[in-house]
Amino acid sequence: MRFLKAQVFGAAVSALLVYGCSTGPAANALNSATGASATEAMPATVGNFLLVDTNFEAHELYRQTESKAVVLVTQSNGDAAIRGEASALKALKASYAGKGVQFWMLNSNLKDTREAILAEQAKAGFDTPVLMDSYQLVGEGLGVTRSAEAIVIDTKSWKVAWRGSLADAGKALDAVTAGQAVTLASSAGKGAAIDFPARAVKMQITYVKDVAPILEAKCVACHEQGGIGPMSFTSYEMVKGFSPMIKDVIRTDRMPPFHSDPHVGKFSNDRRLTPDETKTLVHWIDQGAPRGEGKDPLDVKHLVAIEWPLGKPDVVLDVPAYTIPASGVVDYQHPWVKNPLTEGRWLKASTIKVDSRQAVHHILTGFMADAPKEGQQAFENRWGASVGSYAVGAESEVAPDDAGTYIPGGGAIGFQNHYTPFGKETVTHSKIGLYFYKPGETPDIVMHNNQIVNNAIVLPPNDGHHEEVAYMTFPKDALLYSAFPHAHYRATSSDLWIQYPDGKKKLLLTLPRYDFGWQGHYNFAEPVKVPAGSKLIAHYVYDNSKSNPHNPDASKTVVWGDQSFEEMFFTRIRYRWMEETSKHLVNYDEQMGAGALMGMLDANIDGKIEKSELKPESQIGAMLLKNFDALDKNHDGVIDADELNAAMKMMGRRREAQAAPAAAPTGGK
């Protein structure tokens, strides 16, 4: 939460100071040179935006701080003018390689789908990322009217330094990269016209009639008194005061906090704004945020967050209190409480309520059949079923209809608590509300939790685009219900694929912009069928460079670690085994878990581990490299699944022997 507030209010300050609805002499000169009318006027300062390209990679303007200039080249499918510029654009990019210039293409044509743009890229030979301006907000803000126009943005001021034909862009770039003013006159674009319907229809949008209903439906659940949001949308005056920030977080896809790409998958808990809602809010702010006539809908209702959003719990567990210091690093805490259930019950839902969102990074839970002794910690290797989890933005878990998790009576509930000091000593005392099926009521579906993990990740220093991969193989038919991607500050994107037994792949979920400040489950609208032998494959991309504003230290090689300044690769999944019911339990999780290490280390997903796939900087990689030849029993140059499992069994026996108590001495005095 500390990260969230810093990010949100930092965006608010920058938006209030420089957001791109301002105009001035430079803008007027450019508009005059291009012949743009007032409705296509270009801002003096370009506001921040984030757009996704056709390969689902996100590009954010204000993260280009290591570049001297950003060049946007407008593109529209079927336009002969921009097709004819493909080789010229490629040559221009090559001539400025290593000179601090970032090139993007911008497609704001409502008729062009992602698939069509991909085909156009291949046909025309474009080798520059094409950013999909699906809502036309970026094109509108830049005054775009035609394809085949180059727009040069100076990253020192975030102003448009020049715009015109691609043939003249080099002269403008020479000046910008040299830190000089551009004296070259701007010129009009010659490509096909691009239709922007919102320019032709200027609807009067008001807060009372149009905006307040959107905020109430999509925003107020967090931005209400006592809610998780850092400000409460309680009145028109409050909303208008934050309107520049609202526009900024919408244009950079930070809010609402549901970051899957809309082109991939459908989700039952989708919190995104619709295209019309997005454009309504942005256009309302551009029009000066008019109030309109009538009572203030948000002020009249005076919305206040309720204590338990799912209703009164059946059982409330008190997480043992902990004093978090003002500074330093706090190791994960593993307290536990006795299970208050005397008889087994089926868990339907849970909510974890924390009293210090700034300090509590996450809470995980697990049932233990045997309670630890007084003073012992509840480490995860003793856990069974989860009774809930918490991360910022993910406080409640609700099972699908007729599904649940069985929690036996007795034993204990263990916790893994990650606390982050934020400059002030505080005592945190969280609570967990549990919701059960009625006594004697048994759901048919048994839910399971597992995770695709790669704790052998190694992020090289100053690497702005580093990819890691891991997978999990399902031994039996299953249904996948949700996925929960998790990493730390350096992660920039994540995705999840299914690879079927015949080798075909399908993208299930992609987060082009991973946000450490907001995390949660992505619940598939329809559970995904996972045939036996299928693999779920996760990718994460990390930015360990200075361009990442959240990077603690770009000069360090980063490996897996618990703390936020370290890094993780962790996709939690919820699923059921198809043949399992509450009356017919199976134990396939252990069988699936036996292949987890192979899925972690087998980077090319061919079912075997080569020396080149092992990283000596990671603990497991160093160990396997040291013993590689001994583990490779058949001397074929790779470690296959049988050889890896044999090695893991041997190491398990060694651990058991090391953990066994020493024998008592016998014999004489």
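What number of residues within region 78-99 satisfy the criterion of being in a loop (DSSP other than H, G, I, E, B) and more than 19 Å from Thr145 (Cα to Cα)?
4
Can you name the residue in region 120-145 that is among the aliphatic types (A, V, I, L, M) and open to solvent by less than 60 Å² (accessible area, probe 1.4 Å) and is also farthest from Ala94 (Cα to Cα) among such residues?
The residue in question is Leu137.
Can you work out which of the residues in region 176-215 that are in a helix (DSSP H, G or I) and small (Gly, Ala, Ser) is farthest from the chain's Cα centre (by Cα)?
Only one residue tops the list, namely Ala200.
With respect to Gly229, is the statement that it is within 25 Å of Gly517 (Cβ to Cβ), open to solvent by 20 Å² or more (accessible area, probe 1.4 Å) and either without any contact (Cβ under 8 Å) to a residue 24 or more places away in the chain or of a type in the set (Gly, Ala, Ser) (or both) true?
no
Please work out which residue is farthest from Tyr514 (Cα to Cα), limiting yourself to region 563-612 and to residues that are part of a strand (DSSP E or B) and open to solvent by 20 Å² or more (accessible area, probe 1.4 Å).
His584
Is at least one residue of region 43-59 open to solvent by 20 Å² or more (accessible area, probe 1.4 Å), assigned to a helix (DSSP H, G or I) and touching a residue at least 12 places away in the same chain (Cβ under 8 Å)?
Taking every residue of region 43-59 in turn, none turns out to be open to solvent by 20 Å² or more (accessible area, probe 1.4 Å), assigned to a helix (DSSP H, G or I) and touching a residue at least 12 places away in the same chain (Cβ under 8 Å).
What's the number of the only condition in (1) open to solvent by 40 Å² or more (accessible area, probe 1.4 Å); (2) touching a strand residue (DSSP E or B) at 6+ places or on another chain (Cβ under 8 Å); (3) without any contact (Cβ under 8 Å) to a residue 24 or more places away in the chain that Asp632 fails to meet?
Answer for Asp632: the failing condition is (1).
So Gln102 clears everything in (1) outside any strand (DSSP E or B); (2) modelled with pLDDT of 95 or more except one condition, right? Which one?
(1)
Just checking, how many residues over region 524-552 are surrounded by fewer than 20 Cβ atoms within 10 Å (Cβ to Cβ), in contact with an Asp or Glu (Cβ under 9 Å, 6 or more places away or on another chain) and not in a loop (DSSP other than H, G, I, E, B)?
The total comes to 3.
Filtering region 231-251 down to residues that are touching an Asp or Glu at 6+ places or on another chain (Cβ under 6 Å) and of a type in the set (S, T, N, Q), which residue is nearest to His283 (Cα to Cα)?
The qualifying residue nearest to His283 (Cα to Cα) is Ser235.
Looking at region 613-626, which of the residues that are in contact with a helix residue (DSSP H, G or I) (Cβ under 9 Å, 6 or more places away or on another chain), closer than 12 Å to Val458 by Cβ and aliphatic (A, V, I, L, M) is surrounded by the fewest Cβ atoms within 10 Å (Cβ to Cβ)?
Ile620
Can you tell me which residue within region 390-405, out of those that are out of contact with any helix residue (DSSP H, G or I) (no Cβ under 8 Å at 6 or more places or on another chain) and assigned to a loop (DSSP other than H, G, I, E, B), is surrounded by the fewest Cβ atoms within 10 Å (Cβ to Cβ)?
For region 390-405, the residue satisfying everything is Asp401.
Please give the strands (runs of 3 or more DSSP E) falling wholly within region 105-175 in which 2 or more residues are more than 15 Å from Ile194 (Cα to Cα), among the β-branched types (Val, Ile, Thr) and under 32 Å from the mean Cα position of the chain (by Cα).
Here the list reads 150-154.
For a quick check of your reading: which strands (runs of 3 or more DSSP E) sit entirely within region 243-350 and have at least 1 residues that are open to solvent by 20 Å² or more (accessible area, probe 1.4 Å) and within 30 Å of Val201 (Cα to Cα)?
Passing ranges: none, list empty.
Which ones in region 238-270 are of a type in the set (Gly, Ala, Ser) and over 14 Å from the mean Cα position of the chain (by Cα)?
Within region 238-270, Gly241, Ser243, Gly265, Ser268 qualify.
The values are calculated or read from the model by the stated rules, or taken from the named source; none is laboratory data. Quick caveat: nothing in here was measured; it's all calculated off a predicted structure. Every residue, glycine as well, gets a Cβ built from its backbone with ideal geometry; the counts of neighbours run over all protein chains shown. Each accessible area value is taken on the protein alone, full model and side chains, heavy atoms only, with ligands, DNA and RNA left out. Shrake-Rupley method; radii C 1.70, N 1.55, O 1.52, S 1.80 Å.
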